[in-house]
Every structure is written in structure tokens, then in C-alpha cells.
Amino acid sequence: MQTLSVALGERAYPIHVGAGLLGNANLYAPYVRERRVAVITNPVVQPLYLERVQTALAQAGADSVPILVDDGEQAKSWAVLDRVFDAMLVARLGRDSMVVALGGGVVGDLAGFAASVYQRGIPFLQLPTTLLAQVDSSVGGKTAINHARGKNMVGAFHQPLAVIADVASLDTLPERELRAGIAEVIKHGFVLDPAFVDWLERNIDQLLKRDRAALEHAVRRSCELKAQVVAADERESGVRAILNFGHTFGHAIEAGVGYGEWLHGEAVAAGMVMAAELSERAGTLRPEDAKRVKALIGRAGLPLRGPKLPIERYLELMQVDKKAAGGRVRFILLEGLGRATQRGDLDARLVRESIAAAVQ
């Protein structure tokens with residue numbers, strides 16, 4: 001096991017990365033002893049890991065109550081959130097209780113948001129069981145549900161007490177989910193670490209084969225990179241925005257086709273192609289580097305083109321992006337592999353051309 005830290009002063013917390021961690025009572029004990037715990041999970045994860053986690057929680061001194069939510073992006077809704085609150089109230093969970101998020105990014109986002117507002121806020125642990133959640137959504141304290149007009153539009157920053165990333169859980173991950181998680185791994189390299197891009201180009205086949213050593217390295221390095229950015233800009237007022245490379249386009253894809261039709265990582269992959277196109281057209285990214293972006297995404301088996309929505313529909317959906325300011329959409333562009341910047345002054349023609357070049 002390797003342990004990293006998100007340096008946020010009094011709210012700093014560890015990220016544990018390794019195999020076989022979900023059943024390790026010692027990792028839970030510092031947080032859950034003599035507490036009542038709501039374990040929020042879904043019907044896919046429940047038969048695989050819930051019993052193991054509840055046994056470990058009991059060994060650590062906690063009394064746990066499972067709460068099942070729907071599987072898939074559609075679970076990030078007011079209706080499902082209200083059912084979670086109802087179950088917590090029926091179980092008589094108080095302000096001294098806590099939430100454990102056991103599942104992928106949807107479970108983590110929903111459970112974290114529930115914890116952030118239940119009885120004005122209670123603590124929670126992140127137990128991510130998908131690659132995407134382990135490398136991205138479980139780290140940094142972003143919690144949210146979706147709105148019909150935009151993804152993650154209702155939420156809060158609420159940091160977990162700890163993240164426990166058990167890479168053994170990736171053994172049961174469907175192939176499509178694995179590839180979707182690799183999209184976020186790749187993104188970290190594109191915006192923060194050119195050496196990591198080089199490593200990914202050499203090892204992408206090993207990741208797809210679920211080589212344990214390669215997966216552990218990818219999870220650890222992604223968490224290291226994201227933790228550094230979160231520590232520098234917790235609430236995304238500056239540099240943290242670069243982690244949204246591909247997401248402005250990707251969120252428009254998810255909302256445009258209906259949540260759940262495209263996995264988040266798939267939409268981000270196509271969004272990164274559009275963002276690379278835009279970077280090249282804006283003159284910030286060399287053509288040969290744009291080709292490397294597309295080649296690596298393609299080798300990961302991820303979409304290189306977005307759905308054939310009308311270009312004006314893409315633009316309409318991007319207007320509600322959380323990075324928009326003063327009525328202008330701000331885009332994350334690459335200035336090279338491993339370097340990114342945020343721009344809000346781009347010619348709309350370049351944006352339209354970039355979308356048109358990367359749709360089905």
C-alpha cells in the first residue's frame with residue numbers, strides 16, 4: 001500500500017492506494033469507531049464488496065446501514081438524493097454519524113453531496129471501486145447531482161476524511177468502464193505531466209490488460225498530480241480549472257444525448273479531441289502534439305468523435321458550463337503536452353470548426 005496526502009491544512013486527508021484494502025479494518029478505525037455509518041452503494045457493487053466492507057467496519061467499531069441507489073448517471077438526481085435522506089432519517093443517523101461512499105464516480109458524487117448537506121454536513125469516506133473514481137472523482141471534494149440543463153450543476157465542495165483506492169476492485173470492472181477511467185488518467189498527463197504521457201504511450205496496452213503494477217502506477221501518479229492541484233486551488237478559482245480539459249465539450253455531450261448514454265470518460269475522451277482541435281486552431285498546440293493526443297485516446301479504445309448533435313446545440317449546452325464567466329465560455333487549451341491554460345477570448349468560428357472536425 002502507498003499513501004499520499006492532499007495538503008489542505010487542518011482538512012488534509014490521506015489517499016491509500018493498493019490491493020486488498022476494502023477489507024482492512026485498520027484503515028477505517030481512525031474515522032468510524034463508535035459511529036453509525038451509512039454505506040451508500042448500488043446493486044452492481046453491493047454483491048461484490050458490501051459484505052466485505054461492512055465486516056471491516058464492524059471490526060473497526062462501527063454500526064453500518066447499507067443504502068442502495070440506482071446504478072448509472074441517472075442516480076445523480078433530486079429524487080434519488082431524497083430517497084437517501086429518507087433512508088438516513090429512518091435509520092436515525094445523527095450529526096455524529098458519517099457516510100461511506102462505496103462505488104464509482106456517481107455513488108461518490110451523490111453520497112458526498114448527501115454528506116455535505118445532511119443535518120448541515122457530516123463527514124464521509126470515499127471507497128472508489130472504478131478506475132475513473134480512483135484517479136479523479138474521489139479526490140478533491142467535488143460533490144454534486146445533475147440538472148436537466150447541465151451536469152453537476154447542484155453540489156458542494158466537501159472533502160472526504162480519506163480515500164481508500166483498492167485497485168483489486170478493478171478486476172471486476174467491465175471493459176467499457178475501464179477504458180472510460182483511462183480517459184481521466186490520460187487527461188492528467190495531457191495537462192500536467194509530459195513524462196506521464198510518455199509512460200502512458202509505452203504502457204497503454206498493459207493498462208488495458210489490467211496489469212496490476214501498471215494500474216497501481218497510473219492510479220498513484222494520477223492522484224499525486226490531482227492532489228497537488230487541489231492543494232493549490234481547492235475551490236477551482238484558478239489553476240484547478242485545467243483539470244477540466246475536455247470536460248466543457250464532454251459535459252455538453254452527456255447532456256445532449258441524455259445522461260448515461262455515454263459514459264463520462266467516453267464523453268471526456270471525445271471532448272479532449274475537440275479541445276486538442278481547438279488548441280491547434282488557436283495556435284497554442286503544435287499539430288504533431290495534437291496527433292499524439294488523438295493517437296493515445298484512440299489506442300485506449302475511446303471515442304475520437306462526438307455524437308452528431310447540431311453544432312448550435314453543443315454551443316447552447318456549453319453556455320451553462322460552470323467555467324463560463326461574463327456570458328463567455330472559457331475553454332481549457334493545451335500549450336503543449338503537460339501544459340494547459342484557460343482561455344475565454346476565443347473566436348466562436350474556431351470553436352464551431354473544432355466541433356465540426358470531431359463529430360460523427
> Can you name every residue in segment 107-129 that is crowded, with 24+ Cβ neighbours inside 10 Å, more than 19 Å from Asn152 (Cα to Cα) and among the aliphatic types (A, V, I, L, M)?
Replying inline: Leu125, Leu127
>> I want to confirm something. Restricting to segment 181-233 and keeping residues that are of a type in the set (A, V, I, L, M), farther than 14 Å from Val167 by Cα and in contact with a strand residue (DSSP E or B) (Cβ under 7 Å, 6 or more places away or on another chain), which single residue is surrounded by the most Cβ atoms within 10 Å (Cβ to Cβ)?
In response: Val191
> Which residue pairs have Cβ atoms closer than 7 Å, lie 6 or more positions apart in sequence or on different chains, and pair a first residue in segment 6-25 that is in the same structural domain as Asp211 (by TED's automatic domain parsing) and within 15 Å of Pro160 (Cβ to Cβ) with a second residue that is at pLDDT 95 or above and part of a strand (DSSP E or B)?
Replying inline: none
>> Any residue at all in segment 78-94 that's crowded, with 24+ Cβ neighbours inside 10 Å and at negative phi?
In response: no
>> Checking Arg281 against (1) buried (at least 21 other Cβ atoms within 10 Å of the Cβ); (2) farther than 24 Å from Ala165 by Cβ; (3) of a type in the set (Lys, Arg): exactly one of these is not met. Which one?
In response: (1)
>> Give me the residue from segment 254-274 that is free of Cβ contacts under 8 Å to residues at least 40 places away in the same chain and within 16 Å of Ala356 (Cα to Cα) and, out of that set, surrounded by the most Cβ atoms within 10 Å (Cβ to Cβ).
In response: Ala267
>> List the residue pairs whose Cβ atoms are under 9 Å apart, where the first residue sits in segment 198-212 and is in contact (Cβ under 8 Å) with a residue 60 or more places away in the chain and on the phi < 0 side of the Ramachandran plot, the second is among the acidic types (Asp, Glu) and part of a helix (DSSP H, G or I), and the two are 6 or more positions apart or on different chains.
In response: Leu208/Glu175; Arg212/Asp171
> Is there any pair linking a residue in segment 82-110 that is among the charged types (D, E, K, R) to one that is crowded, with 22+ Cβ neighbours inside 10 Å and assigned to a loop (DSSP other than H, G, I, E, B), with Cβ under 8 Å and at least six apart or on different chains, and which?
Replying inline: Arg83/Val69; Asp109/Lys76
> Do you know which residues across segment 68-127 are part of a strand (DSSP E or B) and either of a type in the set (Phe, Trp, Tyr) or at pLDDT below 95 (or both)?
Replying inline: Phe124
> Is it the case that some residue within segment 125-145 is touching a strand residue (DSSP E or B) at 6+ places or on another chain (Cβ under 9 Å), of a type outside the set (S, T, N, Q) and farther than 24 Å from Gly18 by Cα?
Replying inline: yes
> Checking Asp70 against (1) crowded, with 22+ Cβ neighbours inside 10 Å; (2) of a type outside the set (Gly, Ala, Ser); (3) under 30 Å from Ala148 (Cα atoms), which test does it fail?
Replying inline: (1)
> Does Ala180 qualify as being under 30 Å from Val117 (Cα atoms), part of a helix (DSSP H, G or I) and not basic (Lys, Arg)?
Replying inline: yes
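The values are calculated or read from the model by the stated rules, or taken from the named source; none is laboratory data. It should be emphasised that the depicted structure is a prediction, and the values quoted were computed from it without experimental measurement. Because the Cβ atoms are built from the backbone with ideal geometry, glycine has one as well, and the counts that use them run over all protein chains shown.
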